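Working notes, structure below.
The values are calculated or read from the model by the stated rules, or taken from the named source; none is laboratory data. These figures come from a predicted structure and were not determined experimentally. With ideal geometry, Cβ positions are generated from the backbone for all residues, glycine too; neighbour counts draw on all protein chains shown. For accessibility, only protein heavy atoms count, side chains too; no ligands or nucleic acids. Shrake-Rupley method; radii C 1.70, N 1.55, O 1.52, S 1.80 Å.
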Amino acid sequence: MNQLDTQLAVIGAGPGGYAAAFMAADLGLKVTLIDSQPNPGGVCLYRGCIPSKALLHIAGVILASQQAGEQGITFQPPHIDTAKLGRWKNDVVDQLTGGLGQLAKQRRVTYIRGTAAFSDRRSLRVNLKGGDTQKISFEKAIIATGSRATSLPGTMFQSERLMTATDALEIQSIPAKLLVVGGGYIGLEMGTIYAALGSRVTLVEMTGGLLPGVDRDLVRVLKKRIDGLFESLLFETTVKTMKAQKNGLHVVLSDNQDKEQTRIFDQALVAVGRTPNTTDLGLEKARIDVDETGFIQVDHRQQTSAQSIFAVGDVVGEPMLAHKAIHEGRVAAEVIAGRKVASEPAAIPAVVFTDPEIAWAGLTEMEAKKRGVDCTVTRFPWGASGRAATLGRSDGLTKLLVDQRNEQILGVGIVGPDAGELIAAGVLAIEMGANATDLGLSIHPHPTLSETLMEAAQALHGNATSFYRPLKRDSKAET
């Protein structure tokens, strides 16, 4: 068995892993990065964030062309070349992952293809891609192995008709009738892609609405458009049985009254959550504590119960977001390099890349009510936005949650086109401790959607230029 000594071993080359490895290398550490893929990137680049957003762009083009009819421009129905579309998506992935490979070389990060498991708190055994094994001794290690799709009970069978999100991103075909199980962001994003490409989509969600945990006023705007895009939405409904047949998937659905219905679909996409990749890592040999759901327990410095080992990203818990993993990876690398830092974000933004997009950061109204936080909610409807009118998208909304004591901005929520781009300004406002007056007095360019943040802040004092609403002194957070 070959022996390699390194200062830092990083297991997993997704966003958290490669960000940690690159930061540590920049700080002068000798770094070894281990992953099974040809280049860094992880699930996000190979099978998640990037390929899905590439396809969502295509879906957006199709939907925009359809909407253009309302402005007097009519296009012919699109001809979709699934093979060419797949190649283009793969080219995007290859470009980005190849770029990360070059960045690793430039930083002199040793990249090893294989799967690793702990032998103890100071060494790893790596099963190399070619079949050999290698022992790595390290001073410090970072676990960044990410997560995988959670299986739906009763669907543990092999069939090309049953897809995970990874399968769906391959766009092998466009099913005439598609069942999407799960009304979270993955189900909605993938459902949007296939609906735009021509599938008749039925979405099943076990709770009473889309995107559980997201404020209802934001979700209502999305649901109105999804109602027109998907064939049907079935809430408080679960999949009782699913069986592959020659003519499709035979699915029995059950609602909250135990009333059953049988439907046939060409394919089904299961998107009911994700599970941390913490098995087969030898965590017990390194004596690393995990909780009852398999997530690794860490402190504010990303350090596990083993002082020499850190963990970042999906394996340490919600929210399972690439940008959170990147932040945590950089923090862990700095701690290992001897810097006095901690992961204590005031706001972690989340974005659902549907049409329209939903984005939020900081405190939500649901959380405010649950925690008993005294805050005022101020809203600016996009029906009063000149830029939204020029886009034909006046159905959006921008909202701020403001501390009643000092008007400090505690949370921001946006629904509408480019909400994911706009939310960064809200994150900065929260992190910098800005109050509504600060945001309201900051000059925003006109006409832009960013003005909705400024005018939402001005609306708190009843003096938004484009929107009149008398000042309400006792407006508290509500859901």
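Structural remarks
- Global size of the chain as Cα Rg and Dmax, reported in angstrom: 24.0, 75
- Under the combined filter of DSSP loop state and at most 14 neighbouring Cβ atoms within 10 Å, the range 248-302 retains these GluC sites (Glu not before Pro): Glu292.
- In order along the range 397-403, the Karplus-derived 3J(HN,Hα) couplings, from 6.51 cos²θ - 1.76 cosθ + 1.60 at θ = phi - 60°, round to 7, 10, 9, 10, 9, 10, 4 Hz, and Gly and Pro are given as x.
- Rough spin-label spacing in nm, given labels placed 7 Å along Cα→Cβ, for Glu292 and Asp91: 5.1 nm
- Taking the Cα centre of the range 2-119 as origin and assigning +1 to Lys and Arg Cβ atoms and -1 to Asp and Glu Cβ atoms, the resulting dipole is close to 240 debye.
- Long-range amide H partners of Gly209 with built H, under 5 Å: Glu236
- log10 of Debye I(q)/I(0), alpha-carbon scatterers only, for the range 328-479 at 0.19 Å⁻¹: -1.12
- Order by protection proxy (mean Cβ within 10 Å, highest first), peptides 7-19, 85-97, 358-370, 104-116: 7-19, 358-370, 104-116, 85-97
- Largest to smallest in accessible area, the residues Ile423, Ile264 fall in the order Ile264, Ile423 (1.4 Å probe, all protein chains included).
- Note on Lys30/Met432: beta-carbon distance plugged into 1/(1 + (r/R0)^6) with R0 of 45 Å gives a FRET efficiency of 0.80.
- For the range 280-289, the Karplus equation 6.51 cos²θ - 1.76 cosθ + 1.60, evaluated at θ = phi - 60°, returns couplings of 6, 9, x, 4, 5, 5, 8, 6, 9, 7 Hz by residue, with Gly and Pro reported as x.
- Theoretical FRET efficiency, 1/(1+(r/R0)^6), r = Cβ-Cβ of Thr150 and Gln3, R0 30 Å, to 0.05: 0.20
- Protection proxy ranking of 136-147, 312-323, 432-443, by the mean of other Cβ atoms within 10 Å over each peptide's residues and highest first, is 136-147, 312-323, 432-443.
- Eigenvalues of the alpha-carbon gyration tensor of the range 9-125, scaled by 5 and square-rooted, set the equivalent ellipsoid semi-axes at 41, 14, 12 angstrom, largest first.
- Length gained on full extension, Gln245 to Arg107: 44.4 nm, using 0.36 nm per residue less the C-alpha separation.
- Two-decimal log10 I(q)/I(0) for the range 130-268, as the Debye equation yields it once each C-alpha is a single scatterer, q = 0.19 Å⁻¹: -1.15
- J(HN,Hα) series, the range 406-414, from Karplus relation 6.51 cos²θ - 1.76 cosθ + 1.60, nearest Hz, glycine and proline x: 9, 6, 5, 7, 9, x, 9, x, 9
- With all protein chains in place and a 1.4 Å probe, the accessible surface of the range 332-415 carries 46 percent carbon and sulfur.
- Long-range HN-HN contacts of Gly273 with modeled amide H, under 5 Å: Thr150
- Proximal lysine pairs, the range 20-161, alpha carbons under 19 Å, eight or more residues apart or interchain: 5
- Nonlocal amide H pairs with Asp418, under 5 Å, H built at 1.01 Å: Glu357
- Solvent exposure of the chain amounts to 47 Å² per residue of accessible area, where only protein heavy atoms count and the probe is 1.4 Å.
- Among the trypsin sites (Lys or Arg not before Pro) in the range 395-479, those placed in a DSSP loop whose Cβ has at most 14 other Cβ atoms within 10 Å are Arg405, Lys472, Arg473, Lys476.
- Cysteines, the chain, no other Cys beta-carbon under 4.7 Å: Cys375
- Over the chain: helical MRE at 222 nm, DSSP H runs n ≥ 4 each giving -39500 (n - 2.57), nearest 500: -9500 deg cm²/dmol
- Rounded percent of accessible protein surface that carbon and sulfur make up, the range 109-230, 1.4 Å probe: 49 percent
- Relative contact order computed over the range 185-247 (Cα-Cα under 8 Å; 6+ residues apart), in percent: 43 percent
- Note on Lys259 and Tyr468: their simple-model spin labels are 4.7 nm apart, each label 7 Å out from Cα toward Cβ.
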